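The values are calculated or read from the model by the stated rules, or taken from the named source; none is laboratory data. Bear in mind that the values here come from a model prediction, so they are computed numbers and not experimental data. Here the Cβ positions follow ideal geometry from the backbone for every residue, glycine too, while neighbour counts run over all protein chains shown. Accessible surface is based on the protein model in full, side chains and every heavy atom, while ligands, DNA and RNA are left aside. Shrake-Rupley method; radii C 1.70, N 1.55, O 1.52, S 1.80 Å.
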Amino acid sequence: MDKCDVAIIGGGVIGSAIAYFLAADAGFKGSIAVIEKDPTYETAATPRSAGGIRQQFSTPENIRMGAFGAQFVKSIGEHLSVDGEVAQLPFVEWGYLFLATAAGMDVLGRNHAQQAALGASVALLPAPELKERFPWVNVEDLAGGCYGMANEGWTDPYGLLQAFRRKARALGVTYLADEVVDLKRTGAVITDVTLRDAGPLACGAVVNAAGYHAHKVAAKVGIDLPIRPRKRIVYVFDCRDKPERAPLMIDPTGVWCRPEGANFIGGISPPEDADPDCTDFEIDYQLYEDVIWPTLAHRIPAFEALKLVRAWVGHYDYNTLDQNAILGPHPEIRNFYFANGFSGHGLQQSPAVGRATAEYIIHGGYRSIDLSRFGFERVLRNEPILELNVV
């Protein structure tokens, strides 16, 4: 392959979703190449995700993208089936539960109002009602919580990636096991993507979907993209006295947990001053002993008897400006598109971002959810869109 109409750099869930929505659109007749340097996905972010899907955000665009993500996963057989084989994914629809002390209830209430106004099925629960619905939660220091009653839960991240990839290939998308080493710019367009093994690949448009490596791709054409790799650790633990049908719970401290098969998983995002750029896979077990376990034991008394089973590491493509996605074309290099900076929300937003990016490439603008506010222009203006519900 020496030329294509659209070159997508990165074959994870975002890049594969974009490839699918492009190829599935009747208005697109071009060729698509997805360039993935590691087709085993061993160190990719997608398979190491916790797989959460929610509408409990503070930003309207994120709420809408989460809602579409849930709808897409629940009806995946209608979209990603191939040759009569029905695509199937689990969706554990047990909700998210954000907890708040008195200091956090005002923000929680405003977020709830925004979510409900956009159609999310969410319940704002004062502490007594919270205790009645979830008797296993210690509410002594809580003022209340917000519970997602529908279209929130978790799915299989690797399964979603493979379903997008398989359908995209069935629609004619070419996946290249190669690495982008250079981008050739002529005036206001990128004309070629240079691959380590295959050499130059002429292209009509380029999509940067390179996950936590996205800033390196952007730097090849002189763009300072505020995306950096940030390590997140997911701990797997067991408890004999398990809460039944527990939602994904987020403590006011930021510690989270949810059921995972016969076990539970959990973690925490560290404070900014303790969250350096990082691409290693070393596990900090002391964080579990000092922070995760004591916090969970306080919030869920049965978790006093937790037993750590194992842990794994994944990486956020962390947007240092505002933890929100950067989407759409570059204002000067008009055929260079961003799909970056999801800061832990990429899996759940992949259906909406795939659809939106395809719309922009084909039609020159968004047709479904208007994601214009997430454009690169806000980076140039240093105007962050603050998302208050980052986990």
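A few notes on this one:
- Summing +1 for each Lys or Arg and -1 for each Asp or Glu among the other residues whose beta-carbon sits under 14 angstrom from that of Arg133 gives -1.
- Projecting label points 7 angstrom from Cα along Cα→Cβ for Thr43 and Asn138 puts them 4.0 nm apart.
- Table column - 3J(HN,Hα) (Hz), the range 139-153, Karplus curve with 6.51, -1.76, 1.60, x for Gly and Pro: 10, 4, 9, 9, 9, x, x, 10, 10, x, 8, 7, 6, 9, x
- Measuring between alpha carbons in the structure, the pairs from Lys184/Lys231; Lys184/Lys216; Lys3/Lys29; Lys29/Lys74 lying more than 25 angstrom apart are Lys184/Lys231; Lys29/Lys74.
- Arg185 accessible area, 1.4 Å probe, all protein chains in place, Å² to nearest 10: 110
- Restricting the range 200-244 to trypsin sites (Lys or Arg not before Pro) that sit in a DSSP loop and have at most 13 other Cβ atoms within 10 Å of their own Cβ leaves Arg240.
- Across the range 102-161, the volume of the C-alpha convex hull divided among the residues equals 123 Å³ per residue.
- Solvent-accessible surface of the chain, averaged per residue with a 1.4 angstrom probe and all protein chains in place: 41 square angstrom.
- Annotation for the range 114-180: GluC sites (Glu not before Pro) lying in DSSP loop with at most 12 further Cβ atoms inside 10 Å of their Cβ are Glu140.
- Cross-link partners of Lys242 among lysines (Cα-Cα below 25 Å; sequence separation of 8 or more within a chain): Lys131, Lys307
- Charge-dipole axis of the range 321-391 as Lys and Arg at +1 and Asp and Glu at -1 on Cβ define it, positive-most pick from Gly365, Leu380, Gly328: Gly365
- The helix-only estimate of mean residue ellipticity at 222 nm for the chain, built from DSSP H runs of length n ≥ 4 each weighted as -39500 (n - 2.57), is -7500 deg cm²/dmol after division by the residue total.
- Among Glu359, Glu61, Glu244, residue whose mean-square fluctuation peaks in a GNM of the chain (springs only between Cα atoms under 10 Å): Glu244
- Note, ³J(HN,Hα) from phi for the range 38-48, Karplus 6.51, -1.76, 1.60, rounded to Hz, x at Gly and Pro: 10, x, 7, 6, 4, 10, 5, 6, 4, x, 9
- Note, ³J(HN,Hα) from phi for the range 322-336, Karplus 6.51, -1.76, 1.60, rounded to Hz, x at Gly and Pro: 7, 6, 10, 5, 10, 9, x, x, 5, x, 10, 9, 6, 9, 10
- Thr357 contributes an accessible area of around 10 Å² to the protein surface, as traced by a 1.4 Å probe with all chains present.
- Antiparallel DSSP beta bridges within the chain, percent to nearest 5: 70
- Using Cβ point charges alone (K and R +1, D and E -1), the dipole size of the chain about the Cα centre works out to roughly 840 debye.
- Label zone of Asp83 (point 7 Å out along Cα→Cβ, amide N under 12 Å): in the range 150-176 this covers 167, 170-171.
- Prolate/oblate/rounded call for the range 123-272, Cα gyration tensor, a/c under 1.5 rounded: prolate
- Distance between the modelled labels on Leu388 and Asp273, one decimal in nanometres: 2.4 nm (7 Å Cα→Cβ projection).
- Solution diffusion estimate, µm²/s, Stokes-Einstein, the range 59-192, Kirkwood Rh from C-alpha pairs, 4 °C, viscosity 1.567 mPa s: 71
- Put Asp275, Asp238, Asp182, Asp2 in order of accessible area, highest first, and with a 1.4 Å probe you get Asp2, Asp182, Asp238, Asp275.
- Taking the longest Cα principal axis of the chain as reference, the axis of helix 105-117 is set at about 50 degrees.
- Residues Thr191 and Thr253, FRET efficiency given R0 of 45 Å [Cβ-Cβ distance, rounded to 0.05]: 0.35
- Per residue, the Cα convex hull of the chain amounts to 135 Å³.
- Heavy-atom accessible surface of the chain: percent carbon and sulfur, 1.4 Å: 49
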